[in-house]
1. Only one of (1) surrounded by fewer than 20 Cβ atoms within 10 Å (Cβ to Cβ); (2) at pLDDT below 85 is not met by H923, so which one is it?
2. Filter region 248-267 down to the residues that are touching a residue at least 40 places away in the same chain (Cβ under 8 Å) and either closer than 24 Å to G604 by Cβ or in the same structural domain as H601 (by TED's automatic domain parsing) (or both) and list them by number.
3. Of the residues that make up region 323-333, is at least one in the same structural domain as F572 (by TED's automatic domain parsing) and among the charged types (D, E, K, R)?
4. Listed residues V898, V881; which is buried (at least 19 other Cβ atoms within 10 Å of the Cβ), within 19 Å of S705 (Cα to Cα), touching a residue at least 60 places away in the same chain (Cβ under 8 Å) and in contact with a strand residue (DSSP E or B) (Cβ under 7 Å, 6 or more places away or on another chain)?
5. Exactly one of these conditions fails for Y903: (1) under 26 Å from G743 (Cα atoms); (2) in contact with a Pro (Cβ under 9 Å, 6 or more places away or on another chain); (3) within 16 Å of the ligand (Cβ to nearest atom); (4) open to solvent by 50 Å² or more (accessible area, probe 1.4 Å). Give me its number.
6. I'm trying to understand the selection: among the residues of region 450-467, which are surrounded by fewer than 21 Cβ atoms within 10 Å (Cβ to Cβ) and in contact with a strand residue (DSSP E or B) (Cβ under 6 Å, 6 or more places away or on another chain)?
7. May I ask you to say which residue of I347, I330 is of a type outside the set (K, R), touching a Ser or Thr at 6+ places or on another chain (Cβ under 7 Å) and modelled with pLDDT of 90 or more?
8. Go through the residues of region 229-238 one by one and say whether even a single one is in the same structural domain as P27 (by TED's automatic domain parsing) and closer than 26 Å to M585 by Cα.
Amino acid sequence: MIPFLKSIARGYASRYSDLSEICFLFPNKRSCTFFLKYLKEEFGRHVIVAPEVKTITDFVGDLSGKIVASRLDMIFMLFESYQALQGKSSGFSDDEQAKDFESFIGWGETVLSDFNEIDLYLADADAVFKNVKDYREISSNFLTEEQRKVMAEYFGRPDKGDSGKFWSNFEQEDDENSEIKRKFIHLWRRLSPLYDSMKEKLSARGLLTTGGMYKSAVERLKNDGRGALPYKKVVAVGFNALSTSEMVMFSEMRDFDGYEGYDAFCDFFWDCTGPVLSAGLNSASRFVKTNMEHFPMPKWAMPSLAQSSCESLPRLRVVASPSNSAQVKIAGTLLSELSHRLTSKEISEAKVAVILPDEGLLLPMLYSLPKGMGNVNLTMGYPLRLTSVVPFVRQLRLLYQNRRGKGRQASFYHRDLRLFLSHPFSLSMFGTGPVGFLIGYIDKHHKATVTLEEIREYSPEAAAVLDFSELDINSENTIPTLDRILVKTKDSLPSNETGMMKTKLEIDHIEIYRDALRRLGELLQEYNASPTPSTIFRLADRLLASTTVGFEGEPLAGLQVMGTLETRSIDFDHLFILSMNERIMPMRARTRSFIPDSLRHAYGMPPSNYAESIFAYYFYRMISRAKEVTMTYDARTGGGSGSGDVSRYVLQLRHLFAKGVLEEQNWKFRLSGKEEYDPVVRKTEEIKARLTSYMEDGENAKNFSVSALNTYRECQVKFFYQNVMGINTDPAPSEYIDAIGVGNILHAIMEHLYLPKDKRKRFLKEPVMMQKETIAGLLADTDSLRKLTTRLVNSLHFHASEDELDTPLTGAAEIVGDQIINQVKRVLKRDLRIAPFKIYGCEIKERLKLRLSSGRTVNFKFAIDRLDEIDVDGEKCLRIVDYKTGRIKLEAEDIGEVLDGDYKSEQVFQLFTYAWLLGKSSHGVTDKVRMEIYDVPKIFLNEENLPMIGGEPVKSFDEYSGEFAEGIDNMLESIFESDSFLPAKDEGMCSKCSLAMLCRR
Ligand code: SF4
């Protein structure tokens, strides 16, 4: 079996020695390229003058002799016509009109698409738009869901998605609905004059819509006959559903007399092979079968066409993917396997293709391609909105719009700034170092807003980009300024010579955006528009984001990466089709139209369910001649759009056409075993070398801490990533004081209240006596407490300088400050009840060298919130106090559970470790230590929060010290001795783990 296009090339090569006066028409550029390749192969060493090979669009363009207006031009023209019909001045000279224009864009594009279709399907615009004179003629099921959405958008009403209810809105007689009714009738009645006005405007400039171009080509063919074409023969290949204008054009050409020596004037070839299409088993061949009746294929070509016919389906494999993005990994792995089975010739001859019905997977797919696939050729339309440049400009817009102050006095909201700075373009332009320092500065000082001057200190380049002074002087500077920023961005990207596909694409995207932006600037000038910079930014966003970038690769070598439409007429041996989910394959019908289905039917325009048959054809044709087809789909339920439901084509294969032979794999459950990922981290030599830093002194020395050991006991893998590799899992700092910040401030206040400066953060050989009167005095002096709180919030949270420490707290900080004061008072009241007591230290910070049973010495550091001596039942008792503002986890069945990573016993482990470390220190503290949590929010309950083991309170560490010391020694030794770091025993922990992505448990 040979490819369809090759069979046609073979037929013409054997029937005609001179093809120079023949024109071959194809639905897309890619099929033209493949056809020429096959033709060259068929003629071998014979030198011939190549025939004309073109797409139908180019053919029609040449025939009409007109130029198609750009989308941007048309939307401006349409708005001008609409304004004129409304009796408003033409153009939009003030910002209000520009804003009207902005809201017009969405539904204006729908109107343009309707006008285009009316021409393409040779419908009578006057008749279509006059058909409905009154809203009462519109029955409740007159419109599709999509059409209701468009209407709802236009009238500013939410669509309730309730079929048939939309129009009931119009039947209520309140004032608001009367207004909506009036608006609808108003719009509908203007569509016909709007169509005429657009035509006039386009014609005055020698322009047309695409539909208009087809209509004009039809007229030319009808008027001038075959003389309109500079060819002796036309050959139409591989079309499917035809628009009315294509149908009329083909009919005209079919009926022209043939030139001598060229058989008929026009030959037609329809691709309808394979068990599904040829038997007409579903709607896929609906159009092509009709076409075959109206435009039969030439009989002389049947023998060569027979060489491309097939009767059985290829090997079919369907892979359920655990997520949308995992599909590219699966495809990458299977492609790698395939590359080992194929010869380099098979790979280089463009016999393998990856089809991406969802363009969003393009970049991830490119990054997941295995080595050894050779050249990669990209042919597909890619929405500009998915590229990096659109979000970059959008972020600039947000910074401009949300800034405070103007010109050089501007300051920016920290979230807008952070998002902007972390965009890859910003990192490339300003450098990761300066960006990192600037973000560090914002975090450290919890800045809500950041001034241009502050930005300049860290990155003069970033400040130059964010200096919008020129825009404040004159809004006409907006587009040139934006263009300058884009040029700067482009120049900062790694040079094109690096050959990185990503960089090349990004540079192309920036250039495309700049071109579109330039045209927007010209149009604003042409129409005397002078909107504000904000409106210009928004217009750019709305108008340019819906642009599509076309990747049209030329070389027919290596792996072909394509969109669904680009596969038309082309055959591959090995196909990987991703995103085989409903709403993607087939693509969800997006008939954004004001013209209801019943009118569409009446005037020969395609109804909203048209896309289903078209996509069915693309799919079954694409797979018909392949040897092997692998399809992946996102098998999640309730995930992103299109997820969960497998495509109806897979269902058809599963239950009808490939029943029993469809190979199915579910990578989510690892049935194939190929995606199995073991979260265990084996201790390589490099990892072991890193661990030695826990035993060293000097610069690279690392210390164990209580929280690090707690992490280890809960999940060794987490300890490895977090503590050994130093991956920071702290939540991003915010301008608000979070729970950890509240805890730190409370600790500091208690330390400041109880101890003078020279006695803080250390063990006191001479304890400080806390009398009832002292505590009562502290409680009564709210002003001093408030002052201290203010100073510590400013110091610890805002990192303010010494002379700014008394700055009054405002906003959220003031509210949190009040909460902290209340919490401190609760702790004081509790202490008042047990006073007098001795304080041996607050926030005691120490560093120890500990000798383990193996003789290994390890570094340890710890910080104890408070060590005091209280009276318990008449006995003096040393006590470790830990202040907690969060959940209390103080229970364990036995000491094994404490050491074994049980979540409920986290604080038992912490308190025991403090007590154990204190015993190891040089302060002469014995194991007779009481341990208690001050549960600050509930401290008024007058409960003692002692560790509970086996349901019994632990009154002194010495009850368990021997068992615990042995356990913790084993734990520390295992860090160095065991072969690997193991994942958490309790998988429930993983759902909350910030390292889950990395660990892939
Ligand atoms: S996801 Fe689970 S196993 Fe992996 S690091 Fe986090 S807690 Fe440990």
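The values are calculated or read from the model by the stated rules, or taken from the named source; none is laboratory data. All values derive from a computational prediction rather than experimental measurement. Note that each Cβ is placed from the backbone with ideal geometry, even for glycine, and that neighbours are counted across all protein chains shown. In case anyone asks, the SASA skips ligands and DNA or RNA and just uses the protein heavy atoms, side chains included. Shrake-Rupley method; radii C 1.70, N 1.55, O 1.52, S 1.80 Å.
1. The one condition H923 does not meet is (2).
2. Answer for region 248-267, where residues must be touching a residue at least 40 places away in the same chain (Cβ under 8 Å) and either closer than 24 Å to G604 by Cβ or in the same structural domain as H601 (by TED's automatic domain parsing) (or both): V248, M249, F250, S251, R254.
3. yes
4. Values: V881 fails: touching a residue at least 60 places away in the same chain (Cβ under 8 Å).
Testing whether each residue is buried (at least 19 other Cβ atoms within 10 Å of the Cβ), within 19 Å of S705 (Cα to Cα), touching a residue at least 60 places away in the same chain (Cβ under 8 Å) and in contact with a strand residue (DSSP E or B) (Cβ under 7 Å, 6 or more places away or on another chain) leaves just V898.
5. So the condition that Y903 fails would be (2).
6. Passing the criteria: only T451.
7. Numbers: I347 fails: modelled with pLDDT of 90 or more.
Of the residues listed, the single one that is of a type outside the set (K, R), touching a Ser or Thr at 6+ places or on another chain (Cβ under 7 Å) and modelled with pLDDT of 90 or more is I330.
8. Step one: list which residues in region 229-238 are in the same structural domain as P27 (by TED's automatic domain parsing), which gives 229-238.
Still in the list and also closer than 26 Å to M585 by Cα: 237-238.
Yes.
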